[in-house]
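Below: one structure, written as structure tokens.
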Amino acid sequence: MINIIKIHGISDCYPELIEGTSQWYYCQESKKTFCDLYEAEEIVKLGHNFEGMNCHLIHYPEGTVHSPFEMKSNVYIEKPIWNNGKFNFLVVNFDLKVIQIYSYEPEYLKLSIIQELPLSITSDCYNLMLKGYPLMLCRDANDGIYEIIWPESKKIVIGKTESLIVRDGNDLYFSRWYEDPEYHESVIVRDVNTGAINEEFDGYLRVLPNGVYWRI
């Protein structure tokens, strides 16, 4: 007979493993239909009330649920990133017109705000996300432009199929996919200041729970 553990404190949301750790899962919860951040923004811009998006954490193996936030109307809580033993969350409050970046330390159940920015700092919420390291608020590839919004402001020309994997100092590691004719990927290392390509190689990078990256 299989062993089934009932997870209490959440309902109607599917847990997914958080990249960079083997001990934590997340699940996003909405009152109505699931939507992404940009779609939530469009709902508010049209003058409607967005019911809210919350995010929960589940610890493996016992299934303990951590809920650092409460569901609130017109507030969108993005999935977290794992950052050196802590979680970072991107939260957009459309009523207050602010972007908030939070840190959550599960060991101490400590939730703290790192930065609050006006929503007007960005033209819209399309492809808005947190990335590391160091922690950055970014916009993923949009018409061939990668944008760093905070803690610095930069726009870098990249390929239309590139997406950021990780930052290491002044090096930005992007994944690029091709179909010519078969699907394959490569890793491109760009300078954060100029966007120039410093290195390119075929394959993938996969982050492990100990912070090491496998090159495949």
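The values are calculated or read from the model by the stated rules, or taken from the named source; none is laboratory data. These figures come from a predicted structure and were not determined experimentally. When we count neighbours, we look across all protein chains shown, and the Cβ atoms used for this are built from the backbone with ideal geometry, even at glycine. With ligands, DNA and RNA removed, areas are computed over all heavy atoms of the protein, side chains included. Shrake-Rupley method; radii C 1.70, N 1.55, O 1.52, S 1.80 Å.
Table for the structure above
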quantity	calculated
Dipole magnitude of the chain about its Cα centre (Cβ charges: Lys, Arg +1; Asp, Glu -1), debye to nearest 20	540
Under 5 Å, built H, 5+ apart or other chain: amide partners of residue 165	173, 174, 175
Charge tally in the Cβ shell below 15 Å around residue 158, where Lys, Arg are +1 and Asp, Glu are -1, residue 158 excluded	-1
Approximate spin-label separation residue 145-residue 163, in nm, with each point projected 7 Å along Cα-to-Cβ	2.1
Accessible surface of residue 125 - all protein chains present, 1.4 Å probe, nearest 10 Å²	0
Residue-count net charge about residue 167 - beta-carbon cut-off 12 Å; Lys, Arg +1, Asp, Glu -1	-1
Förster radius 41 Å - calculated FRET efficiency between residue 108 and residue 46 (Cβ-Cβ, nearest 0.05)	0.50
Structure-derived mean projected area of the Cα convex hull in nm²: which label, when the choices are (1) 11.7; (2) 13.8; (3) 14.4	(3)
Relative contact order computed over the chain (Cα-Cα under 8 Å; 6+ residues apart), in percent	12
Difference of contour (0.36 nm per residue) and Cα-Cα distance, residue 65 to residue 198	43.6 nm
Relative contact order for segment 21-84, counting Cα pairs under 8 Å that sit 6 or more residues apart, in percent	38
Nitroxide proxy distance, nm - points 7 Å out along Cα→Cβ at residue 115 and residue 173	2.2
Accessible area of segment 103-191 divided out per residue, in Å², using a probe of 1.4 angstrom	51
Over segment 125-187, relative contact order from alpha-carbon pairs under 8 Å, at least 6 apart, %	21
Given charges at beta-carbon only (K, R positive; D, E negative), |dipole| of segment 159-216 in Debye	280
DSSP-loop chymotrypsin sites (Phe, Trp or Tyr not before Pro) across segment 60-131, with at most 12 other Cβ within 10 angstrom	108
FRET efficiency, residue 215 to residue 124 (Cβ-Cβ, R0 35 Å, nearest 0.05)	0.50
For residue 193, net neighbour charge (Lys/Arg +1, Asp/Glu -1) across residues whose Cβ lies under 15 Å away	-1
Accessible surface of the chain, 1.4 Å probe, proportion on carbon and sulfur as whole %	49
For the chain, Cys with no neighbouring Cys Cβ under 4.7 Å	35, 55, 125, 138
For the chain, with +1 on Lys and Arg beta carbons and -1 on Asp and Glu, the positive-most of 178, 92, 196 along the dipole	92
Cα-projected label distance for residue 185 with residue 152, points at 7 Å along beta-carbon direction, nm	2.6
Sparsely packed GluC sites (Glu not before Pro) within segment 142-177, loop by DSSP, other Cβ within 10 Å at most 12	152
